[in-house]
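The values are calculated or read from the model by the stated rules, or taken from the named source; none is laboratory data. Quick caveat: nothing in here was measured; it's all calculated off a predicted structure. Here the Cβ is made from the backbone with ideal geometry for all residues, glycine too, and neighbour counts use every protein chain on show. Each accessible area value is taken on the protein alone, full model and side chains, heavy atoms only, with ligands, DNA and RNA left out. Shrake-Rupley method; radii C 1.70, N 1.55, O 1.52, S 1.80 Å.
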Amino acid sequence: MKTQVGSATTRQWTLGWRPVSVMLPGAIRKAIPAGIALLLTGCPAVTTSASQSEISSDASNSASPQPAADLASSKTPSTPTESGLQTTASPAAATKSGTEENWAVQQAILNDPLLSAAITREFERVSGRDPADIHPLQVGAIAVVENYALAEYFAGVGDLPIDGYGLLIRQNNRWLMLDSIGFPGEIVTAQMANLGLPEATIQQLLNAFRQAGANFEVSDMPMYEPIMPCVTRLDDPNPPTNVRFTPVVASDNAIGQLPNGTSLTVIAPLDGWLKIRQPLVGWVSMNLTRVSCGSSLAEVQRNLDELQAKEEELAVEAADTLVRYLYRGADGAFAEAAIARFNGFAIDKFYALEAALDRHTEEVRRQVLQQVIASGMHPQARANFNEALLNRLDLSPTLKTWRSLNP
């Protein structure tokens, strides 16, 4: 079911790698490449880079999940980098209303790192913008059922509204964003089912959301959970690894702990961190993970071919997996196979590769690009980088790194 909302229609953008909605004027709703959409993403002010020093500081002694309070004494707090723009509503603007639960859900939306990153990156995409162009993130209707919540959010930069519905989960008595669901005016229930919600809980949430004042249609559009052929696992020199509420190392910020070798379902990377949704929802330092695409060259090549075959928003997720594999996972003949697929992405799906690299730190981009360049980069892949560099008025983080490596 496709729903037109007033005189505006929706285009499909992505928050993690999954669809998130942006309201734009027009007569036709269409999906655009997620690589273009991910120009919205970036590093929010609340984020700190997950540096190598965290490998020793972001581990404790027990391998079983524990409440954050039990871990407070085992970690060294660090101060978040105070950079970027204020993209969330101020405490004064976010006045408390309704139940304590609704207030907690509201704060989780207002302080969500990926939402803040989307607003910040869209602002920074065009140089010389006035900070007044930012319309701060606001929260509308909220519904809570057991350990899940639905909330509508509104924000924008200039004439570009960034609106959507957030699905949240409560862990250790704290709420955090699980994913964006559907489009403005339309909720896709298959997304909620793919995220593990029982059918009864989905229906209760939708009913409560309507009662809270949300106006939406329900889409029965089928959606299938994408499966990446390569696996991201924890690889911590000092296990177990903390999973955190936000991408910040702090004593009161741990959800629980996971043992080495645990397979992770990654939502999106952000400045040295990975947001995951399985087996816990939260953030882990990317330097404490490793990607595996197989144990034999034949298996690696087969899985890398499958990565390269992904299309649209899945192509961005696949490119990110490849980038992380080259950064921490591939070596020898496996790395040669991965570099060949990197060249393939640069030739056929440059938008996906650029979008994936943009989400990482300068260190990651530089190391991966240097590795590919040193191996003898394919001439067409190099030409595509250079062409993008020449034709863009506002350079992406990836193109800035490329320029620094190719003066």
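Here are the numbers for the structure shown:
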{"item": "Verdict on TYR327 being open to solvent by less than 70 Å² (accessible area, probe 1.4 Å), in contact with a His (Cβ under 9 Å, 6 or more places away or on another chain) and of a type in the set (Phe, Trp, Tyr)", "result": "yes"}
{"item": "Checking ALA330 against (1) in a helix (DSSP H, G or I); (2) more than 28 Å from ARG125 (Cβ to Cβ); (3) not charged (D, E, K, R), the condition it does not meet", "result": "(1)"}
{"item": "Filtered residues of the stretch 222-250 (kept if exposed (fewer than 13 other Cβ atoms within 10 Å of the Cβ) and either under 23 Å from the mean Cα position of the chain (by Cα) or modelled with pLDDT under 95 (or both))", "result": "PRO222, TYR224, GLU225, ILE227"}
{"item": "Condition check for GLN203: more than 17 Å from the chain's Cα centre (by Cα) and modelled with pLDDT of 90 or more", "result": "yes"}
{"item": "Verdict on GLY256 being of a type outside the set (Lys, Arg), touching a strand residue (DSSP E or B) at 6+ places or on another chain (Cβ under 7 Å) and either closer than 25 Å to TRP175 by Cα or assigned to a loop (DSSP other than H, G, I, E, B) (or both)", "result": "yes"}
{"item": "Cβ pairs under 6 Å, 6+ apart, first in the stretch 164-191 and more than 20 Å from LYS275 (Cα to Cα), second assigned to a strand (DSSP E or B) and among the polar types (S, T, N, Q)", "result": "PHE183/THR10; PHE183/SER21; PRO184/THR10; PRO184/SER21; GLU186/SER219; VAL188/SER219"}
{"item": "Residue satisfying all of: in the stretch 241-251; of a type in the set (S, T, N, Q) and in a strand (DSSP E or B); farthest from THR289 (Cα to Cα) among these", "result": "ASN242"}
{"item": "Residue in the stretch 362-373 that is open to solvent by 30 Å² or more (accessible area, probe 1.4 Å), among the acidic types (Asp, Glu) and touching a Gly at 6+ places or on another chain (Cβ under 9 Å) present", "result": "yes"}
{"item": "Close pairs from the stretch 376-395: first over 24 Å from PHE123 (Cβ atoms), partner open to solvent by less than 50 Å² (accessible area, probe 1.4 Å) and in a helix (DSSP H, G or I), Cβ under 7 Å, at least 6 apart", "result": "MET377/ASN343; HIS378/ASN343; ALA381/ASN343; ALA381/ALA346; ASN384/ALA346; ASN384/PHE350; PHE385/ALA346; PHE385/TRP402"}
{"item": "Whichever residue in the stretch 289-300 is crowded, with 21+ Cβ neighbours inside 10 Å and among the aliphatic types (A, V, I, L, M) and, among such residues, is nearest to ASP179 (Cα to Cα)", "result": "VAL291"}
{"item": "Subset of the stretch 149-163 [touching a residue at least 24 places away in the same chain (Cβ under 8 Å) and either within 15 Å of VAL105 (Cα to Cα) or basic (Lys, Arg) (or both)]", "result": "ALA149, LEU150, ALA151, GLU152, TYR153"}
{"item": "Residue that is most open to solvent (accessible area, probe 1.4 Å), among those in the stretch 251-288 that are polar (S, T, N, Q) and over 20 Å from LEU314 (Cβ atoms)", "result": "ASN260"}
{"item": "Output for the stretch 347-356, where each listed residue is in a helix (DSSP H, G or I), in contact with a helix residue (DSSP H, G or I) (Cβ under 7 Å, 6 or more places away or on another chain) and either among the basic types (Lys, Arg) or surrounded by fewer than 23 Cβ atoms within 10 Å (Cβ to Cβ) (or both)", "result": "ILE347, PHE350, TYR351"}
{"item": "Of the criteria (1) assigned to a loop (DSSP other than H, G, I, E, B); (2) more than 25 Å from TYR327 (Cβ to Cβ), which one ASN238 fails", "result": "(2)"}
{"item": "Test for ALA330: is it at pLDDT below 95, on the phi < 0 side of the Ramachandran plot and in contact with a Cys (Cβ under 9 Å, 6 or more places away or on another chain)", "result": "yes"}
{"item": "Test: residue in the stretch 135-146 that is over 28 Å from ALA200 (Cβ atoms), open to solvent by less than 50 Å² (accessible area, probe 1.4 Å) and either at pLDDT 90 or above or not in a strand (DSSP E or B) (or both)", "result": "yes"}
{"item": "Of all residues making up the stretch 190-221, the number that are outside any loop (DSSP other than H, G, I, E, B), open to solvent by less than 70 Å² (accessible area, probe 1.4 Å) and touching a helix residue (DSSP H, G or I) at 6+ places or on another chain (Cβ under 9 Å)", "result": "8"}
{"item": "Single condition GLU152 does not satisfy, out of (1) in a strand (DSSP E or B); (2) charged (D, E, K, R); (3) in contact with a Leu (Cβ under 8 Å, 6 or more places away or on another chain)", "result": "(3)"}
